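The values are calculated or read from the model by the stated rules, or taken from the named source; none is laboratory data. Just so it is clear, the model here is predicted, and its values are computed rather than measured. Cβ coordinates were reconstructed from backbone atoms using ideal geometry, including for glycine residues, and neighbour counts include every protein chain displayed. These accessible areas exclude ligands, DNA and RNA; they are computed on the full protein's heavy atoms, side chains included. Shrake-Rupley method; radii C 1.70, N 1.55, O 1.52, S 1.80 Å.
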Amino acid sequence: MSAESQPRYLEPTRPARIFNATVGQLTKMGVSVYGSRVLAVRGRKSGEWRTTPVNPLTIDGQRYLISPRGNTQWVRNMRVAGGGELRIGRRVEKFTATELPVEERPAVLRAYLKKWKFEVGVFFQGVGPDAADDKLLAIAPDHPVFRIRS
C-alpha cells in the first residue's frame, strides 16, 4: 500500500501530548475545558479501556465526535467497539456510535471548525469554517466523524 493510499494520521507533538494530558487530567477531576470530555473506548485487540480527551459537538440535538488528527487509535477502536463512554469527573455517559459517510461530514466539520478552530484548525489542511462546501468535502475522508447516542 502506498503512502498516498494510507489513511491520514497526524501524530501528536510533545507539546500537544502535554496539552492533552493536562486537559485529560482536568476533565477526569470534573473540570470541563470548553466542553471537553474524556473518551473511553475498549481497545480493539486488548479489550482494555483506552482514554483520550475529546471535544463532543452538538448540532440540532445530535451529538458528534470528530477526529481532527485523522485515523487515530481511538477511531480504529471505535469502529470495532461501536461505542464507548464519555467521562467528566465521576459522571460516565455510555453511548453507541455510528460513523458518518464522507458525504455527510462537511456540515459537521464546518460546525466543529466554527467552535474549535483555535485549537484544532492546524489539522484541517488550511480549510476553515468559511470554506466552500467542496473544500470541506475534499478533506472529509481525512477526518472521521461519529454520531453518538446515549
Taking the chain and counting helices only, DSSP H stretches of n ≥ 4 at -39,500 (n - 2.57) each over all residues, the nearest-500 ellipticity at 222 nm comes to -9500 deg cm²/dmol
Over region 41-117, give the accessible area per residue in Å² for a 1.4 Å probe, as an integer. 52
Three-way shape call for region 100-150 based on the alpha-carbon gyration tensor, with the a/c threshold at 1.5: oblate
Name the shape class, rounded, prolate or oblate, that the alpha-carbon gyration tensor gives for region 14-66, where a ≥ b ≥ c are the square roots of its eigenvalues, rounded holds for a/c under 1.5, and otherwise prolate holds if a/b is larger than b/c and oblate otherwise. oblate
Tabulate in residue order the Karplus-calculated ³J(HN,Hα) for region 120-126, using 6.51 cos²θ - 1.76 cosθ + 1.60 with θ = phi - 60°, rounded to whole Hz; enter x for Gly and Pro. 10, x, 4, 8, 10, 6, x
Using a simple spin-label model with points 7 Å from Cα along the Cα→Cβ vector, what separation in nm is obtained for D133 and Q25? 4.6
If you build a Gaussian network model of the chain, linking Cα atoms that sit under 10 Å apart, which residue out of K114, K28, K45 swings the most? K45
So, R0 is 41 Å and r is the distance between the beta-carbons of I59 and I18; what FRET efficiency does that work out to, to 0.05? 0.85
Calculate log10 I(q)/I(0) of the chain for q = 0.12 Å⁻¹, where I(q) comes from the Debye formula with a single equal point scatterer on each Cα and nothing for solvent. -0.48
For region 1-108 the GluC sites (Glu not before Pro) that pass both the DSSP coil test and the at-most-10 other-Cβ-within-10 Å test are E48
Region 76-127: C-alpha gyration tensor shape, a/c 1.5 cut-off, then a/b vs b/c: oblate
Suppose accessible area is computed on protein heavy atoms with a 1.4 Å probe; arrange I88, I18 from highest to lowest. I18, I88
